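Asker: This is the structure I want to talk about, given as structure tokens.
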Amino acid sequence: MTTAVFQPPTADTHAHQVLALIAQHRLLTSTQLHQMLIPNTPPRKIHNVLVPLREQGLITHAVLPGRLQAHFLTPAGHQTVGDWPELRGRTATPIPSAQAASLRAAHILTGVRAHLAFLTDARERGDEYQPLDWVPEVTHRLPDTAGEDRLIADAVFHYTATSPRRLQYRAFVEIDRTTMSSERLARKLITYARFHDYTPQPLGRRGTVADQGAVLAWQRSYPRFPRVLFILTGASRTTLANRIADLRRMTADHDLVTRLSAHVPLGAAILEDIEAHGPQAKVWTPLAGSSEPRGWTQL
């Protein structure tokens with residue numbers, strides 16, 4: 001006697017994926033969800049998934065300029081996904097209202113644009129990179145010095161290239177919409193350099209970071225320190241080029257960052273170039289050494 005194998009309906013699978021993606025990214029437009037999950041189908045397909053979730057009270061939305069709908073989880077939605085294995089370890093603060101969603105939308109959705117550029121390129125190349133492989137707002141503890149004790153990366157992503165040989169990549173991503181000074185942006189490199197060198201000390205013990213046998217903080221999370229990628233947008237090309245030049249200057253002038261660059265690839269690119277040509281195109285400026293543009297895996 002053959003035992004029937006239960007296969008969940010496709011609609012349920014898409015609903016599960018939509019909830020997981022909104023939970024991870026916190027806010028997503030209908031178009032972005034369509035591009036992530038079912039890009040080769042008519043756009044109405046994603047609406048067929050979203051409408052029942054809204055009727056069940058699991059998601060709601062904010063209306064952005066241009067009548068874009070940006071979806072986020074309700075408290076009931078957060079409770080539903082709270083113990084899902086693909087979201088384990090994610091503790092992002094829920095968005096409490098449509099007004100709060102509108103205020104956060106520019107930064108969150110700009111990051112999703114970058115993620116979609118990598119996702120589209122990976123699909124064309126046959127590489128392994130999925131919608132949940134971009135993890136926003138990843139926090140790491142730092143020593144309580146320089147008035148700052150945390151590194152909060154705008155995102156960390158995991159990417160596996162399959163050709164010409166199988167290689168795994170990880171990257172910290174910083175999204176710059178030119179809403180902060182160029183100097184403050186460049187100082188983020190110092191924070192990454194501090195994290196690279198930081199060795200936590202056991203409670204009750206005083207010592208130096210060079211203690212033999214000590215484990216660097218980042219080694220608790222990563223087999224290799226992720227490369228650091230700055231993605232810039234929101235200003236003229238001249239302004240963005242100047243900000244990239246400031247990042248290169250910080251790398252050359254600050255001893256801690258210079259040491260980081262000797263071990264970790266650092267690069268910067270303009271978001272619109274990534275979207276137009278793909279992240280593997282020669283649109284990235286290395287922050288150390290030659291400024292000749294290259295693809296992100298060639299930094």
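Asker: For the chain, what does the helix formula give at 222 nm: sum of -39500 (n - 2.57) over DSSP H segments with n ≥ 4, over the residue count, nearest 500 deg cm²/dmol?
Answerer: -12500 deg cm²/dmol
Asker: Compute the length gained on full extension between Gln298 and Thr239: take 0.36 nm times their separation in residues and subtract their Cα-Cα distance, giving the result in nm to one decimal.
Answerer: Contour length minus the Cα-Cα distance gives 18.8 nm.
Asker: Per residue, what accessible area does the range 37-123 have, given a 1.4 Å probe and all protein chains present, in Å²?
Answerer: Values: 4810 Å² over 87 residues.
Computed with neighbouring chains in place, this is 55 Å² per residue.
Asker: Once label points are set 7 Å from the Cα along Cα→Cβ at both Tyr222 and Gln130, what is their separation, rounded to one decimal in nm?
Answerer: Going by the 7 Å Cα→Cβ label model, 2.2 nm.
Asker: With label points built 7 Å along Cα→Cβ from the Cα atoms of Asp255 and Ile152, find their separation and express it in nm.
Answerer: 3.1
Asker: Please give the length that would be gained between His263 and Ile190 if that part of the chain were fully extended, namely 0.36 nm times their separation in residues minus their C-alpha to C-alpha distance (nm, one decimal). Present the calculation step by step, with values, prior to reporting the outcome.
Answerer: On the way: separation 73, 0.36 × 73 = 26.28 nm, distance 1.44 nm.
This chain segment gains 24.8 nm when fully extended.
Asker: Only Cα pairs under 8 Å and at least 6 apart count here; give the relative contact order of the chain as a rounded whole percent. Don't jump to the answer; show the numbers that get you there.
Answerer: Details: 438 pairs, mean separation 36.4, N = 299.
Rounded, it is 12 percent for the chain.
Asker: Over the range 41-191, what is the relative contact order in percent, taking alpha-carbon pairs closer than 8 angstrom and at least six residues apart?
Answerer: 13
Asker: Place a point 7 Å from Cα of Thr13 in the direction of its Cβ. Which residues in the range 75-91 have their backbone N less than 19 Å from it?
Answerer: Inside the label zone: 85-87.
Asker: Add +1 for every Lys or Arg and -1 for every Asp or Glu among the other residues with Cβ under 10 Å from the Cβ of Ser163, and state the total.
Answerer: Value of the local net charge: +2.
Asker: Cβ under 14 Å from Leu87's Cβ, Leu87 left aside: what net charge do those residues give with Lys, Arg +1 and Asp, Glu -1?
Answerer: Residues near Leu87 contribute -1 overall.
Asker: Give me P(r) over the chain, computed from all C-alpha to C-alpha distances, binned every 10 Å, as integer percentages.
Answerer: 6, 25, 32, 24, 11, 3, 0, 0
Asker: Pop the C-beta distance of His47 and Asp83 into the FRET formula with R0 = 30 Å and round what comes out to the nearest 0.05.
Answerer: After rounding, the FRET efficiency stands at 0.60.
Asker: Please compute the length gained on full extension between Arg123 and Ser181, using 0.36 nm multiplied by the number of residues separating them and subtracting their Cα-Cα distance.
Answerer: On the way: separation 58, 0.36 × 58 = 20.88 nm, distance 3.55 nm.
Value of the extension gain: 17.3 nm.
The values are calculated or read from the model by the stated rules, or taken from the named source; none is laboratory data. These numbers were taken from a predicted model, which means no experiment stands behind them. Note that we place each Cβ from the backbone using ideal geometry, even for glycine, and neighbour counts take in every protein chain shown. Keep in mind that these areas ignore ligands, DNA and RNA; they rest on the heavy atoms of the full protein, side chains included. Shrake-Rupley method; radii C 1.70, N 1.55, O 1.52, S 1.80 Å.
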